[in-house]
Amino acid sequence: MTAPTPRRALLAVALAAATAATVPGGRASAASDPGADPASDPAAATPDGGPATAPARTVDNRFWYAYAHWQAGTHRGTTATAGARPGLEIAAPAGRTEYTDPHTARKSTWEYATWTSPVHRTTVPATEAIASWNARTPAGTWIQTELRPSYGDGTTGRWYVMGRWAAGDGDIRRTSVDGQTDGRTTVWTDTLAVDAPAAAAGLRITGWQLRLTLHRRPGAAQGPKVWLAGAMASAVPDRFTVAAAAPSGRAHELKVPRYSQEVHAGQYPEYDNGGEAWCSPTSSQMVVEYWGRRPSAASLGWVRPGYADPQVCHAARSTYDAAYKGCGNWPFNAAYAATYRDLAGVVTRLTSLTDLETLVRAGIPVITSQSFLAQELTGAGYGTAGHLMTVIGFTAAGDVIANDPNSPDNDSVRRVYRRREWENAWLRTKRRNAAGKTVSGTGGVCYLYAPARPGADQVRALREVGVL
């Protein structure tokens, strides 16, 4: 029912001794909008009508996607391209490199070019950072994404590989990179995390740079194109419970296709032991199809005839991380969604159900990551150390309407979960497992997929929750 949890479990162990964080909760940052005023997030009024102190921000997003964005930074063989969807491409290779795929032992020579972003100074003294990228990688091409953190003590960290990625798996195996640490921060599959965030004078990530390396076969006329890249940095406080957000009082539900991962139980065990673990790609496929996109018949030709919903099998194969040995790599899922025409996808954190309702009312379903015991979420019928589902609406009472792929069949995917239970399961960062041990929660992690050129209402909603 869930994606494998090695890197989540390891991260929980690393943070298990942490005490309460010193950064209080707050709303997502809009500072990544070049035209936004970081102080424009309105504070609540005091009883005498004066402004209150604004809560500290806990999430900061910065994504590059415009032509001017790609012109900035440092180019070594890359160029910014204009058009309906601006991007970054190889102009003239900066050199050649050999890459031995650790999962196939195949050694190949590649031409490459790089783009390094300007330093982004976060509005949040962060304990974690997660990169996102959207790209087209024709056969014979792939990309590598790296982050280099700047720390609050004025030092700069190493470059960390956040993913070696291609849409297909014919040239390289899509992979995260294990074993990356400098003794202060560590990469846990898709998350760069401070090692001791709760220390009295704990280290914080105060800025970062992103480096993209584009690869193609020597002499090839066509290389990859990157449309969007960036990261979310966050400092969500340690908490077993979260404050309740008042419901809007308005019922709203989106018509999102319903797919069950359990329909695929036992299918293609080479991808995360089969469909019973495909919560993430199943959720991704639901939202891709909500936006009117589907894989071509040709791309589904490898799926065994007779398998229901072959596009879910395709999504699992297309999100599989060969190092993680699962389909639950968060950025790989967002990158998969963006392989479809004019779709964009990012990984971020939201800070409340109010943010979630804002997006759903604007027509944007949200894929959320949460963990809970069976008794903590009424009606689920299962417990999980990590599970993805798609929020598609809210009842008038504020309860959460979700397409939960951990269902016996497609017809039973739609669920209504009690607001307060669901809110806590999603937003907390600490919980007790069945053995009573303290383990981690995701603290509001979600995938957001939307048109690359969203409508006005969607732009307003994305700005309001701090993503644009």
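Worth pointing out:
- Residues with amide H under 5 Å from that of residue 162, placed H, sequence gap 5 or more: 145, 146, 147
- Partner lysines for residue 325 [C-alpha distance under 26 Å; skip if fewer than 8 residues away on the same chain]: 107, 430, 437
- Put a plus charge on the Cβ of each Lys and Arg, a minus charge on the Cβ of each Asp and Glu, and nothing anywhere else: the dipole of the stretch 134-237 about its Cα centre is then about 420 debye.
- Cα-centred dipole magnitude for the stretch 51-204, charges only on beta-carbon of K, R (+1) and D, E (-1), debye, nearest 20: 260
- Prolate/oblate/rounded label for the stretch 283-411 (Cα gyration tensor, a/c 1.5): prolate
- In the stretch 162-250, chymotrypsin sites (Phe, Trp or Tyr not before Pro) in a DSSP loop with at most 16 other beta-carbon atoms within 10 Å: 240
- Options 382, 123, 138, ranked by Cα towards positive dipole end of the chain, top entry (Cβ charges): 138
- Charge dipole (debye, nearest 20) of the stretch 281-395; +1 at Cβ of Lys and Arg, -1 at Cβ of Asp and Glu: 320
- Positive-pole candidate from 205, 92, 407, dipole of the chain, charges at beta carbon: 92
- In percent, rounded to a whole number, the relative contact order of the chain is 20, using alpha-carbon pairs under 8 Å and six or more apart.
- Cα gyration tensor, the stretch 159-310 - rounded (a/c under 1.5), prolate or oblate: oblate
- As a proxy for reagent exposure, ranking 400, 242 by other Cβ atoms within 10 Å from fewest up yields 242, 400.
- Taking a ≥ b ≥ c as the square roots of the eigenvalues of the Cα gyration tensor, the stretch 117-240 is classed as prolate, since a/c reaches at least 1.5 and a/b is larger than b/c.
- Adding -39500 (n - 2.57) for every DSSP H run of four residues or longer, then dividing by how many residues the chain holds, sets the calculated 222 nm ellipticity at -4500 deg cm²/dmol.
Each value in this text was obtained by applying a stated rule to the coordinates, not by laboratory testing. Nothing here was measured: the structure is a model prediction, and the numbers come from that model. As a convention, Cβ positions derive from the backbone with ideal geometry for all residues, glycine included, and neighbour counts pool all protein chains shown.
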